[in-house]
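Novice: I'd like to ask some things about the structure below.
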Amino acid sequence: MKCKNWPIGVCSWSLRTDVDGVADAMKKIGIDHVHLGVRPGLEEKAEQFLAAVQKQQWTVSATMIDFPQEDYSTLDSIKVTGGVGPDEYWERNQELFLGATDLTVQLGVKYLSMHAGFIDESDAAYAEKFYERVRSLADAAGEKNIILLLETGQETAEELRHFLQELDHPAIGVNFDPANMILYDKGNPIEAIKVLAPWVKHIHIKDATRTKTPGTWGAEVPWGNGEVQTEAFLNTLAEIGYEGTLAIEREAGDDRFGDVKLAAERLSSVG
């Protein structure tokens, strides 16, 4: 299934099931590309996870590693618990990332995505630590011919661009999530993707409405029901020459399968 020339996929964690469950859902929807969350493959049943994935006829467009301490209950909680920032979890998270790079290599995948955490240039000591940690992970990925994709989220596009320019690392790119620009109230996703275009390697298809109460989350909604501006967003992807996968992500709602299916149908109907 495609939207224009872009393959349509799904983020495996959106479906809240195991590999076989994801495979069944993908078959019913008619898609064969997946952004694969790999933390289950780093836990107790690692061999079973890898074997289950390898038997599927999937194209894994990217892998994804998340970290156990991350708390998304509020904007303030994710600011202090997200990504590689918290010192008390750094060693464990570094090990998880390195395990994810190995698994990514085993699966023959080029991209590994993560939320790096909160970029704060106003605190010199924190910023130095943050740059060093992300650089070390990018070095580890680059040694395995993998590109680390940082997901858009807690910063504006201009702030992320500055970080990427300062880091200046060949093994770093961006997984662009248009809804996150709205959920975190960090700007217009159409303008943001133009700012980040040189680094954009992978796309999440997710929609949202902006908060009316500063300092709180916006609301995630099914694709096409929010403020991303579907037609303008897809046109902008074409303008910047994007050639990757459109991976549907749904992290809210009571009917994840139905919402993913709806998004795939809406995307595939675009001429």
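Since every read-out is calculated from the coordinates, none of them should be taken as a lab result. Just so it is clear, the structure is predicted and the values come from calculations on it, not from any experiment. Every residue, glycine as well, gets a Cβ built from its backbone with ideal geometry; the counts of neighbours run over all protein chains shown.
Novice: To the nearest 0.05, what FRET efficiency results for Glu121 and Arg92 with a Förster distance of 30 Å applied to their C-beta separation?
Specialist: 0.70
Novice: With just the Cα atoms defining each centre, how far is region 8-50 from region 188-211? Give it in Å.
Specialist: 24 Å
Novice: Note down the net charge around Gly37, summing +1 for each Lys or Arg and -1 for each Asp or Glu among other residues with Cβ under 12 Å from its Cβ.
Specialist: Net charge around Gly37: -3.
Novice: Between Lys55 and Lys28, take the C-beta separation as r, use R0 = 25 Å, and let me know the FRET efficiency to the nearest 0.05.
Specialist: 0.90
Novice: With a cap of 15 neighbouring Cβ atoms within 10 Å, and only residues DSSP puts in a loop, list the GluC sites (Glu not before Pro) found in region 1-69.
Specialist: Hits after loop and neighbour filter: Glu43, Glu44.
Novice: A further question on this structure: Could you go through region 44-53 in sequence order and give the Karplus-derived ³J(HN,Hα) for each residue, using 6.51 cos²θ - 1.76 cosθ + 1.60 with θ = phi - 60°, rounded to whole Hz, and x for Gly and Pro?
Specialist: For region 44-53, the Karplus-derived couplings read 4, 9, 4, 5, 5, 4, 4, 5, 5, 5 Hz, x marking Gly and Pro.
Novice: Would you list, by chain and number, the aspartates and glutamates whose Cα falls below 20 Å from the Cα of Lys4, excluding same-chain residues fewer than 8 positions away?
Specialist: Partners within reach: Asp32, Asp177, Asp207, Glu231, Glu239, Glu243, Glu249, Glu265.
Novice: Another question about this same structure. Taking Rh as the Kirkwood radius computed over C-alpha pairs, what is the Stokes-Einstein D of the chain at 37 °C in a medium of viscosity 0.692 mPa s, expressed in µm² per second?
Specialist: 176 µm²/s
Novice: Check Val221: other-chain or 5+ apart residues with amide H under 5 Å from its amide H, H built from backbone geometry?
Specialist: Here Asp207, Ala208, Thr209 satisfy the definition.
Novice: Which FRET efficiency, nearest 0.05, do Asp139 and Gln69 yield, Cβ-Cβ r, R0 25 Å?
Specialist: 0.60
Novice: Long-range amide H contacts for Val174: which residues qualify at under 5 Å (H placed 1.01 Å from N, peptide plane, sequence gap of 5 or more or a different chain)?
Specialist: Those qualifying (amide H under 5 Å, at least 5 residues apart or on another chain) are Leu150, Val200, Lys201, His202.
Novice: On to the next question. Rounded to whole Hz and in sequence order, give me ³J(HN,Hα) for region 153-159 from the Karplus expression 6.51 cos²θ - 1.76 cosθ + 1.60, θ = phi - 60°, writing x for Gly and Pro.
Specialist: Each residue of region 153-159 in turn: x, 7, 10, 6, 4, 5, 5 Hz.
Novice: Sequence-distant or interchain residues sharing an amide H contact under 5 Å with Ser113, placed H: which?
Specialist: HN-HN under 5 Å from Ser113: Thr63, Met64, Ile65, Leu149.
Novice: Another question, then. With each pseudo-label sitting 7 Å past Cα toward Cβ, what's the Ala219-Val80 distance in nm, one decimal?
Specialist: 2.8 nm
Novice: Right, another one. Give me the extension gain from Glu43 to Gln229: residue separation times 0.36 nm, minus the current Cα-Cα distance, reported in nm with one decimal.
Specialist: Between Glu43 and Gln229, full extension yields an extra 63.1 nm.
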